[in-house]
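Worksheet for the structure shown next.
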Amino acid sequence: MALLQIAEPGRATAPHQHRLAVGIDLGTTNSLVATVQSGQPRVLPDGQGRMLLPSVVHYAADGSTAVGQDAQALAAAHPLDTIASAKRLIGRRRADLPPGSVALRLEDMPGMVGIRTQAGLKTPVDVGAEVLRRLRERAEAALGGPLVGAVITVPAYFDDAQRQATKDAAQQAGLNVLRLLNEPTAAAVAYGLDQGSEGVYVVYDLGGGTFDVSVLRLARGVFEVLATAGDAMLGGDDFDRAIVDWWLPQTGRDAGGAELAALLREARIAKERLSSQGTVELRHPAGGSLLLTRAVFEAVTAGLIARTLVPVRKALRDAGIRADEVDGIVLVGGATRMPQVRAAVERHFGRAPYTGIDPDQAVALGAAIQADQLAGNRGADGLLLLDVCPLSLGLETMGGLVEKIIPRNATLPTARAQDFTTFKDGQTAMSLHVVQGERELVAECRSLARFTLHGIPPMTAGAARIRVTFQVDADGLLGVSAVEQISGVHAHIEVKPSYGLSNEHVVDMLRSAIGAAESDAHARMAREAQVDARRLLDATQAALHQDGDALLSPPEQQAIVAAMQAVSDQLEAVLTDAQARAGEQPDQQPDQQPNGQPDLLAQRDALRAATEALNRATATFAMRRMDAGIRAALTGRRVEQVAV
């Protein structure tokens, strides 16, 4: 009897048809592509059986490119045209990079860093696209057809610009991005923590160029990221550099360009061998050799290992979890093969970490499982991944204050709205300034985007209602919209910052937010007092211009003008003090009293006192204006015409 192929209503494909989707780990040192076949995730090899594709691209003068192992083979002869570790550059400017950290010819381009090669100026997005294109071709050849999409992993601490740049590289490579997935979350999936595991887990991910740590709570297939932290400029590359920095003084030579690149390659080989050997020989390209023991290697890299534990402690603190309350630790990234890394993690948590999966493959395997689900190959029993926003997002309000809309560590995806209003009478447009950070003042946060809402109906100040909505998708990318509630006019922007935050900037933003919480609160109260005073001054000035001569005697007008002058003098004193503070030393606290200037709380109190005096001086005037307005509204109308 013939079998009928039956599809569910509304579905274009038969139930058993498998959609081709992959997970890609776009790594700093190596990249991989994986898929799910027969219910099991596996990494796809190239034609020679190699799983890892080195994230290296060589640009030739004729415009051709070599990728992976072929590019590595050309690195010694063409070090400045062979680009490795481009992931460290993605979404950044040259000023964001530590001096001497990259042995390439870097140039500033609009919004990003450029790399000068014999084939012209290239960007980290171009380099990433070449690696992703090679992985796509590998997958399509292995699976026998075009891909419906890919899940691409990114460090948990990548900001909006770095995530968007990664997505741009994927699209340039011809990939449909199903989702950008945080690397630690993908690794947790690969370790099978979605298969009924429950509790709190820490994912420690030390790759070639970045370090991430995530604290996750697992419950019945739901992955909730409680907190993330990391160092976007710390990875295996830095251990290589530490070996070179120890080695060079003993040779009595400096190194740069091709020679430095050769030394770093030799150091990387030595680092890998020391994971299983006690001593290795370092061979200088100009001749001579030197023995490096594991004990010396551990000594010169102890500071790097200590740096990884700083974000670990921070993530645990943010999650409200003690180290002894963690149910398991997952190690990810090739750099976690180093024995000193595993020993440090075990000492910190008091228990051995999981090491059951090749740390190079874990992220790609987890991404493949998520891609399989998003492509529709897994049923409703699939896992649910809930990541978090690494930094607060908000808007600038009057006085240079920040109104936070989405707080740091909010679960993603998320959408939150808040109502705002106009500051002046007759205002028909509103400029919206989107910022990112934890401080109370715009000057202390990072600017993301600006846009303007036009067409607001002219009304008295405070009458308009503008609803601003922030929406962060599962990839961590932000969109902001504004709608005036009465007229319905709206504006929208997809926030795409021109460059990413350096790790030092992220860390400084969080550290300063904690250390300056009290002074920020004082500054906010002082700014709010300034805004209230300015609003009252503007309203009083407008009222005097309209009704002062008709409703006030000359002495009454003089009294109000005198009170207005007192408020204006206080505002001028605040401005003068702010200019004086701009010249203070960086280590001076904002609420100190330099050169006899009043502190912020004193400024607030003085402004409030002057504002209250102006309120008292205008109380009679306000009553007369109200009476006049009511009288004008009722003149010529009968009692029955007045609505109750």
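The values are calculated or read from the model by the stated rules, or taken from the named source; none is laboratory data. It should be emphasised that the depicted structure is a prediction, and the values quoted were computed from it without experimental measurement. Cβ: placed from backbone, ideal geometry, glycine included. Neighbour counts: every protein chain shown. With ligands, DNA and RNA removed, areas are computed over all heavy atoms of the protein, side chains included. Shrake-Rupley method; radii C 1.70, N 1.55, O 1.52, S 1.80 Å.
How many residues are without any contact (Cβ under 8 Å) to a residue 12 or more places away in the chain and within 19 Å of R253 (Cβ to Cβ) when one looks only at segment 284-306?
Total satisfying the criteria: 2.
Can you give me the number of residues within segment 52-68 that are outside any strand (DSSP E or B) and more than 13 Å from A84 (Cα to Cα)?
Count: 6.
Looking at the structure I just gave you, is A529 modelled with pLDDT under 80 and open to solvent by less than 80 Å² (accessible area, probe 1.4 Å)?
Yes; evaluated as a whole, the condition is true for this residue.
Okay, residues lined up against (1) of a type in the set (A, V, I, L, M); (2) within 10 Å of V363 (Cα to Cα); (3) open to solvent by 10 Å² or more (accessible area, probe 1.4 Å):
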site: V151; (1), (2), (3): yes, no, no
site: Y157; (1), (2), (3): no, no, yes
site: A170; (1), (2), (3): yes, no, no
site: A173; (1), (2), (3): yes, no, no
site: N176; (1), (2), (3): no, no, yes
site: P184; (1), (2), (3): no, yes, no
site: V189; (1), (2), (3): yes, yes, no
site: G192; (1), (2), (3): no, no, yes
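What's the number of the condition G350 fails, among (1) over 26 Å from the mean Cα position of the chain (by Cα); (2) on the phi < 0 side of the Ramachandran plot; (3) at pLDDT below 95?
It fails just one condition, (2).
With the condition kept exactly as written, say whether any residue in segment 39-49 is among the basic types (K, R), surrounded by fewer than 20 Cβ atoms within 10 Å (Cβ to Cβ) and modelled with pLDDT of 85 or more.
yes
Does L453 fit the bill of being under 24 Å from Q164 (Cα atoms), at pLDDT 85 or above, over 17 Å from the mean Cα position of the chain (by Cα) and open to solvent by less than 60 Å² (accessible area, probe 1.4 Å)?
No, not satisfied.
Out of all the residues in segment 145-175, which are in a loop (DSSP other than H, G, I, E, B) and either closer than 19 Å to D212 by Cβ or of a type in the set (A, V, I, L, M) (or both)?
L147, V148, P155, A156, Y157, F158, D159, A173, L175
Name the single residue, out of those in segment 282-302 being under 30 Å from P184 (Cβ atoms) and open to solvent by 50 Å² or more (accessible area, probe 1.4 Å), that is nearest to the chain's Cα centre (by Cα).
Step by step, filter segment 282-302, then rank; the result is A302.
Does at least one position in segment 494-513 carry a residue that is open to solvent by less than 20 Å² (accessible area, probe 1.4 Å), at pLDDT 70 or above, touching an Asp or Glu at 6+ places or on another chain (Cβ under 8 Å) and over 30 Å from A613 (Cβ atoms)?
There is no residue in segment 494-513 that is open to solvent by less than 20 Å² (accessible area, probe 1.4 Å), at pLDDT 70 or above, touching an Asp or Glu at 6+ places or on another chain (Cβ under 8 Å) and over 30 Å from A613 (Cβ atoms).
As an exercise: evaluate T35 against (1) at pLDDT 90 or above; (2) assigned to a loop (DSSP other than H, G, I, E, B); (3) of a type in the set (S, T, Y) and give the number of the one condition it does not meet.
The single condition T35 does not satisfy is (2).
Enumerate the pairs (first residue in segment 20-32 and in contact (Cβ under 8 Å) with a residue 60 or more places away in the chain and under 11 Å from A84 (Cβ atoms); second residue anywhere and surrounded by fewer than 24 Cβ atoms within 10 Å (Cβ to Cβ) and not polar (S, T, N, Q)) with beta-carbon separation below 6 Å, excluding pairs fewer than 6 apart on the same chain, so at least 6 apart or on different chains.
Short answer, once both residue conditions are applied: N30/L52; N30/P54.
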